[in-house]
Structure formats: structure tokens, C-alpha cells
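Enquirer: Would you mind keeping the following structure in view while I ask a few things?
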Amino acid sequence: MLYYTQMVGDVINLPTIKALPEFDGMAVIDADPYDNEGNNFWVNQNNFFRQIRNFAIDLTAMPVDRGAGIHWQVAQATSLQNIVFNMREDGGDQNRQQGIFMDNGSGGFMSDLTFNGGRYGAFFGNQQFTTRNMTFNNCKTAIFMNWNWAWTFHDIKINNCEVGIDMSNGGPTSQTVGSVLVVDSSFTNTPIGIRTAYDPNSPQTNGTLVLDNVDMSGTSQAVVNNATGEVIVPPGKVNFFVQGRTYEASNLAAGKAVQTTQNGIQKPQVLVDANTGKVFTRSKPQYENVPASSFVSVKANGAKGDGVTDDTAAIQKIFDSVQDGQIVYFDHGAYIITDTVKVPKNIKITGEILPLILAGGDKAFTDQTKPKPVFQVGEPGDKGSVEMTDLIFGTAGPQPGAIIMEWNLAGDKPGAAALWDVHTRIGGYAGTELQLEKCAKNPNATNVVSKDCFGAGMMLHVRNGGSVYLENTWYWVADHDLEPEANNAQIDVFNGRGVLIEGEGPVWGWATASEHSVLYNYQFNNASNVYLALIQTETPYFQGNPAATSPYEVLSEYNDPNFAKTCDGQNDDAACARAWGVRAINSKDIFIYGAGLYSFFDNYNQDCLKTQSCQKNMVSLEDSAVHFFGLSTKASVNMLTVNGKSAALDQDNRNNFCATLALFHGV
């Protein structure tokens, strides 16, 4: 499966892909094949930009002892949606069929899947993943969790299976599962709900588990220790259960290991679906009932999309003239934008296989002290709807004054203002001018930042008064060149800020990630009513050379972190002045259900991994109430600080790879 592969079936009448009895491949669909020596076609952590949706995959004609639907060994900006997996239900212990086989990767998102039969509905192993709205019927084991660092399940329905989720792999002494969160889910006629191997007396945090609003009335043993047979949670409706280490902002003493039901943390009603009582979700629209005549092609209406022509005026004219019921269609191409494009309320925009929208020119977006939006969604005070699907934003050349997307619009109902599969990718590919030729890494010399290697000033700004629903949105500053001739060579691209959220929202984020910005990856400033599940970040690989004090100036209007001030006088200034994974200032009612916040390098050197000290701090809560469920950090001495004081140490919370907290109660 090549980059930009999209397999799209008929959403109204799902086509069936049926494996013949003699089929002997690894899977009916294989995203990353192995050769005869066990080598992958793609580096699994770099296997980006794939989609499969609207299919039924049928294994029932195959022998019962073999067969998989999809080998899904993928990374970010990938998705599975609206797929039914039909497998054999006979054969007893001889049944080896599985709907999804996932051995590793760095994902990712999937939703709206149904698994019927098989030994495993899904065999999962990945660094981090977000999965929602999945139904399992008559599987021996619905979900076998082979390994992970962090995984969030939402709205999972397990029916008539022998085991719901098996996360006990490796046993109590070498458990391979980092953390699992199960939210707003149900288990019906399934004797064993969840198998675990967690030991609260162990110094390790492997096997961290959080259950939030899970109906396990249909089990005989809701949560059971696979090693001892102890029933940890009996059948019933589980309001909130946690196993792992927990901390509270109100008491910065050492955390404690727990394995118990307890009171949950009340979510604001604005985040919850009034009809279901679950956190609000909305699947990506596919416009199956819209006639082709209602799609307005931007190329047919004056835009060139050739990566050279200035398409600003043409696109603005299209946005201003689109009629109610029409959908703006970005044909595949690369569209250069040289000044702010204003996206009016009550518009729908979709792309053909991830077209590029690139901030360019040498005027509008070049001054980092006077940033301007590339796409301005709505005017301040606007209320209505905007939908965008299947687009990639970036820059053509250095644009340090560019705010890739500024979001002002408030949705007139939940999910009305939304992005699905809309990514920002800064540098590392043809047309960006931020590639290996100009921006190769240089860790062996003092890094005098080249102005040719600036990215943008900020990737997403949700302004006060705006609200947005995000699903599978990846905000990535390239750490390597994607073009084949570069052979994944590492590059230095200097992007100012990742995602900034302000105001009362609400904001929902399902499977969002923000990586490699200089100052921060996520920042909440005077924000509230935010729900994110799961988030992932990485610190820039070059940091330390230079530190986060360079090359972007501190802008007070965005409440930027001032590392020169906060790190001044510390004997580890370089390790202190690193990008925040998450920073919150004067914010409350922020709920983060799963977080993988990673620091892998000190100026491209990985010796710091031996001591888990590539940076000093990862999360900063400043006069803020942020609730973390399943927080995993890598190689940050302090996992989390509250008003500048350490609240949780990496060394106290070691897991299989990261350090992990089950719960941080940010009161």
C-alpha cells in the first residue's frame, strides 16, 4: 500500500472482498508487507497517509486455522472507517482467524468497525492509538492487546464473546501493555470482560487500566487477574475504575498505586451527547446523498493547483460564491496561498486524496512578530457550521509569520464546526523548499539557525469564542525528508508553535497529534471545556542545539512560554528549555484521555534515554485544572509540574517504555 493510498467503497452498499479457500497471504489487505527475510516494505513508524473505508471483508470461505482481514501496520494520518469483518465462528481452539492484525507502528485512528466471529476480532500492537465505535460479535477474544505504550477505546460494544479485552500478555513480571483506557462502553454476554496481569505491589506501572462509564453487567468477571484468577471487579455498571498510579494537584506528595473503583470526575455537560450520556462524537461525513452536481471543483473554477500559481484570489472567490447545499471540492494538487483566505461560516470543504494547501509568497507570512492566518475560519463572534475533510496544509518555503489555521467559528450545534482527516505537515517534501538539500541536520556544530529552514509560526489557533470538533488531525513538523531520494534522512525545520486553544469551547479532539514545534506542541490559554483522546507529541530532535529560546521570539499576545526566564539560573538550562508537550495557563475542565508525550533525543544523541533525562519537564499546569487519564511520558525527568513544582517523576512511574500515570486529578 503506497503513500496516499485510499481504498474507498460504496458507503450506501458496502462491497465485499471475499478471500478464496486457497488464499495464503498474510491478510486480504496488507498495508506494509514483509519480504521473505522478514523485512517490511515500509518503516512502520513512517507509514503515514493511508485510508480504507466502506468495505466488508469476508474470511468465511478460508480454512478455520488461518486468515486475517487487514494487516494494519501503520503510523499517523491513517484511518479505518465503516468496515465489517466476517470470520468463521466454528472450529473452537483451532480457529485462528482475526479481523485486524497489527504488529507495531505509531498510529493512529479507526472507527465504525464491526467484527463478527474469529479467534480475535482485533490483534493490536502499536505505540499509541485511538479507537472508537467498534462492535465485536461472537469472537473468542474481541481484542487481544499484544503491546502498547498508550491506547484509548471509546464506545466499544462487545457481545457474545468469551473474552472482551485480554491485556495480560507477558504476565505480571514482564507485562507488554503500557496502558488501556475504556470509556463509554459495554460488555454483553461475555463471561470475562478484561484480563489483566497488573500487580499493585509492583514498582512498575505496566498494565495501567482506566474504566470510565462502562457497563459490564453482561460479564461473569468484569476484570480478572489472569495470573491469580482473582476477580478484581465484579459484574455491574462501572462508573469509574482505575489501576495504576494516581496523583492529585491538591497534594503534591508522592502518588500511590491503586486498583479500585472510585468516584469519577464530572465532565461538563457541553462535552456530552445529551441523547446517549457519552462524550460527543461525530463520524466523518462522506456526502453519499449529495449529487455530483453539487460539488464545486476549485480547478474548474479558476484555481490551478500546480504548486506554482498563486491561487489565493481564485479560492477566495469560490468560497464567497458557493451556494447553500454545495460542497467545495479541492481536486488533488498543490494550491499556493499568499495572503489570508477567509472561510465563511456555513460551508463544506472536502479534498481529493489529500490535496496540499501551502502558505507561500514573500510578504504576508514572513514576519514572525506579526503572525497572520492562512485560512481564517469565520469571523470573531460567528456561529454556524464549517466542515472540512481530507486536506493537508503546509508552507512553500519559510513562513514564520503564518498561522496555518485560525478558528473563530462557534458551532451552532455539537460537531457542526469540524475537521476530519485534515493535517498540517511542515517541510520534508517536494514543493516546501524545506528539505534535505537546505535543512539537513547538523548536530556536530553550533546550530546557527538558517532562515531558509523556518516553518510556520503556529499550526492551529482556536480563538476565544471558537469551538471545533477535531478527528484524526496530525500537526507534524517533519523530522525527516519524505521524498524517496532522501532515504528518510533527518532534517531541521523550525516551527514556532503547535496547537493553541483558548476560550470556553467546547473543543473535542479524537486522535490528534502535534509534533516537533519549538515552543510547545499543545497549549491551553484561558481555556475550558476541552476533551482530547488520545494525544501524542514529540520534542524536536535538534533541541539542545538550539534550545527552545531560539529562533522564535516570545509573543505576549499568545502567552508564549518564556524559557529564558523560567529556566534562568538552573544548572540544566539546556534540558529545561525544551518544547512543552502540554502547557496550560489559567485553564480548567480540560480532560485528556490518553497522552503519549515523548522526548527521544538531546541534539540527536540518545544517550539521555539511558537515564530518562532528554529533557527536564514535559507538562506544565499553571493555575489550571487539567485531568489526565493514562499520561505517558518518555525521558522527561519531571512528567508533570504544577505552578513550577514537580508533581510526578519519571523514576517513580516506570512502565514498559514510558513512565505512566493512571490518573492525575488536576483540581
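The values are calculated or read from the model by the stated rules, or taken from the named source; none is laboratory data. This structure is a prediction, so every number in the text was calculated from the model and none was measured. Cβ sites come from the backbone with ideal geometry, for glycine too, and all protein chains shown count toward neighbours.
Enquirer: May I ask you to say which residue of LEU354, LEU391 is under 23 Å from LYS299 (Cβ atoms) and either part of a loop (DSSP other than H, G, I, E, B) or among the basic types (Lys, Arg) (or both)?
Expert: Selected residue: LEU354, the only one of LEU354, LEU391 that is under 23 Å from LYS299 (Cβ atoms) and either part of a loop (DSSP other than H, G, I, E, B) or among the basic types (Lys, Arg) (or both).
Enquirer: So which residues in the stretch 12-70 are exposed (fewer than 14 other Cβ atoms within 10 Å of the Cβ) and within 26 Å of the chain's Cα centre (by Cα), if there are any at all?
Expert: VAL43
Enquirer: So for the stretch 351-360 (the condition being surrounded by 21 or more Cβ atoms within 10 Å (Cβ to Cβ), in contact with a Ser or Thr (Cβ under 8 Å, 6 or more places away or on another chain) and closer than 23 Å to ARG53 by Cβ), does at least one residue qualify?
Expert: yes
Enquirer: It is to be established whether one or more residues within the stretch 267-275 are within 17 Å of PRO200 (Cα to Cα) and in contact with a Gly (Cβ under 8 Å, 6 or more places away or on another chain).
Expert: no
Enquirer: Mind counting the residues in the stretch 265-292 that are closer than 24 Å to ASP421 by Cβ and part of a helix (DSSP H, G or I)?
Expert: 2
Enquirer: Residues that are within 28 Å of HIS627 (Cβ to Cβ), of a type outside the set (Lys, Arg), buried (at least 21 other Cβ atoms within 10 Å of the Cβ) and in contact with a His (Cβ under 6 Å, 6 or more places away or on another chain): does the stretch 128-137 have at least one?
Expert: no
Enquirer: On the basis of being more than 21 Å from the chain's Cα centre (by Cα), crowded, with 24+ Cβ neighbours inside 10 Å and assigned by TED's automatic domain parsing to the domain that holds THR395, does ASP452 make the cut?
Expert: no
Enquirer: Follow-up question, since we're still on this one. Take PHE109 and decide whether it is within 25 Å of LYS284 (Cβ to Cβ), under 16 Å from the mean Cα position of the chain (by Cα), modelled with pLDDT of 95 or more and surrounded by 24 or more Cβ atoms within 10 Å (Cβ to Cβ).
Expert: yes
Enquirer: So TYR522 passes all but one of these: (1) farther than 20 Å from GLN606 by Cβ; (2) in contact (Cβ under 8 Å) with a residue 40 or more places away in the chain; (3) touching a helix residue (DSSP H, G or I) at 6+ places or on another chain (Cβ under 9 Å). Which condition number does it fail?
Expert: Looking at each condition in turn, TYR522 falls short on (3).
Enquirer: State the number of residues belonging to the stretch 538-582 that are farther than 13 Å from GLY496 by Cβ and of a type in the set (Ser, Thr, Tyr).
Expert: Going through the stretch 538-582 one residue at a time, the tally reaches 4.
Enquirer: Hey, among the residues in the stretch 514-543 that are small (Gly, Ala, Ser) and part of a loop (DSSP other than H, G, I, E, B), which one's surrounded by the most Cβ atoms within 10 Å (Cβ to Cβ)?
Expert: Looking at the filtered set, the residue picked out is SER517.
Enquirer: Could you check the stretch 293-328 and list, in sequence order, the residues that are basic (Lys, Arg) and either part of a loop (DSSP other than H, G, I, E, B) or surrounded by fewer than 16 Cβ atoms within 10 Å (Cβ to Cβ) (or both)?
Expert: If the condition is that a residue be basic (Lys, Arg) and either part of a loop (DSSP other than H, G, I, E, B) or surrounded by fewer than 16 Cβ atoms within 10 Å (Cβ to Cβ) (or both), then LYS304, LYS317 are the ones that fit.
Enquirer: Inside the stretch 192-233, can you point out the residues that are part of a strand (DSSP E or B), among the small types (Gly, Ala, Ser) and within 20 Å of ASN146 (Cβ to Cβ)?
Expert: GLY193
Enquirer: Give just the number: which of (1) touching a residue at least 60 places away in the same chain (Cβ under 8 Å); (2) in a loop (DSSP other than H, G, I, E, B); (3) surrounded by 20 or more Cβ atoms within 10 Å (Cβ to Cβ) does PRO400 not satisfy?
Expert: With (1) touching a residue at least 60 places away in the same chain (Cβ under 8 Å); (2) in a loop (DSSP other than H, G, I, E, B); (3) surrounded by 20 or more Cβ atoms within 10 Å (Cβ to Cβ) applied to PRO400, the lone miss is (2).
Enquirer: In the stretch 1-49, how many are outside any loop (DSSP other than H, G, I, E, B), of a type outside the set (Ser, Thr, Tyr) and closer than 23 Å to ALA77 by Cβ?
Expert: 9
Enquirer: State whether the residues of the stretch 494-503 include one that is surrounded by fewer than 24 Cβ atoms within 10 Å (Cβ to Cβ), among the aromatic types (Phe, Trp, Tyr) and over 15 Å from ARG583 (Cα atoms).
Expert: The answer is no, given that none of the residues of the stretch 494-503 is surrounded by fewer than 24 Cβ atoms within 10 Å (Cβ to Cβ), among the aromatic types (Phe, Trp, Tyr) and over 15 Å from ARG583 (Cα atoms).
This table checks each residue for (1) surrounded by 24 or more Cβ atoms within 10 Å (Cβ to Cβ); (2) under 23 Å from LYS451 (Cβ atoms); (3) assigned by TED's automatic domain parsing to the domain that holds THR633.
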site	(1), (2), (3)
ASN545	no, yes, yes
THR549	no, yes, yes
LEU555	no, yes, yes
ASN559	no, no, yes
ASP572	no, no, no
ASN586	no, no, yes
PHE591	no, no, yes
ALA595	yes, no, yes
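Enquirer: Identify, from the list VAL290, VAL279, the residue that is surrounded by 12 or more Cβ atoms within 10 Å (Cβ to Cβ) and either touching a Lys or Arg at 6+ places or on another chain (Cβ under 8 Å) or free of Cβ contacts under 8 Å to residues at least 12 places away in the same chain (or both).
Expert: Result of the check over VAL290, VAL279: VAL279.
Enquirer: Before we move on, is LEU2 over 30 Å from ALA489 (Cα atoms) and surrounded by fewer than 13 Cβ atoms within 10 Å (Cβ to Cβ)?
Expert: Against the criterion (over 30 Å from ALA489 (Cα atoms) and surrounded by fewer than 13 Cβ atoms within 10 Å (Cβ to Cβ)), LEU2 does not qualify.
Enquirer: Further question on the same structure: Pull up the stretch 71-95, narrow it to residues that are on the phi > 0 side of the Ramachandran plot and part of a loop (DSSP other than H, G, I, E, B), then point me to the one that is farthest from the chain's Cα centre (by Cα).
Expert: Ranking the qualifying residues of the stretch 71-95, first place goes to GLY91.
Enquirer: Hey, another quick one. Would a scan of the stretch 13-32 turn up a residue that is among the aromatic types (Phe, Trp, Tyr) and over 22 Å from LEU391 (Cβ atoms)?
Expert: Yes; the residues of the stretch 13-32 include at least one that is among the aromatic types (Phe, Trp, Tyr) and over 22 Å from LEU391 (Cβ atoms).
Enquirer: Only residues that are under 19 Å from SER528 (Cα atoms) and either outside any strand (DSSP E or B) or touching a residue at least 40 places away in the same chain (Cβ under 8 Å) (or both): list them for the stretch 597-646, please.
Expert: Answer for the stretch 597-646, where residues must be under 19 Å from SER528 (Cα atoms) and either outside any strand (DSSP E or B) or touching a residue at least 40 places away in the same chain (Cβ under 8 Å) (or both): SER620, LEU621, ASP623, SER624, ALA625, VAL626, HIS627, PHE629, VAL642, ASN643.
Enquirer: What is the number of the single condition among (1) assigned to a strand (DSSP E or B); (2) touching a Pro at 6+ places or on another chain (Cβ under 6 Å); (3) in the same structural domain as SER624 (by TED's automatic domain parsing) that HIS332 does not meet?
Expert: Single failed check for HIS332: (1).
Enquirer: Taking only the stretch 223-242 into account, find how many residues are surrounded by fewer than 17 Cβ atoms within 10 Å (Cβ to Cβ) and touching a residue at least 40 places away in the same chain (Cβ under 8 Å).
Expert: Total satisfying the criteria: 1.
Enquirer: Filtering the stretch 174-191 down to residues that are in a strand (DSSP E or B) and among the small types (Gly, Ala, Ser), which residue is farthest from GLY125 (Cα to Cα)?
Expert: For the stretch 174-191, the residue satisfying everything is SER186.
Enquirer: Do we find that ALA511 is touching a residue at least 12 places away in the same chain (Cβ under 8 Å) and either out of contact with any Cys (no Cβ under 7 Å at 6 or more places or on another chain) or surrounded by fewer than 24 Cβ atoms within 10 Å (Cβ to Cβ) (or both) in this structure?
Expert: yes
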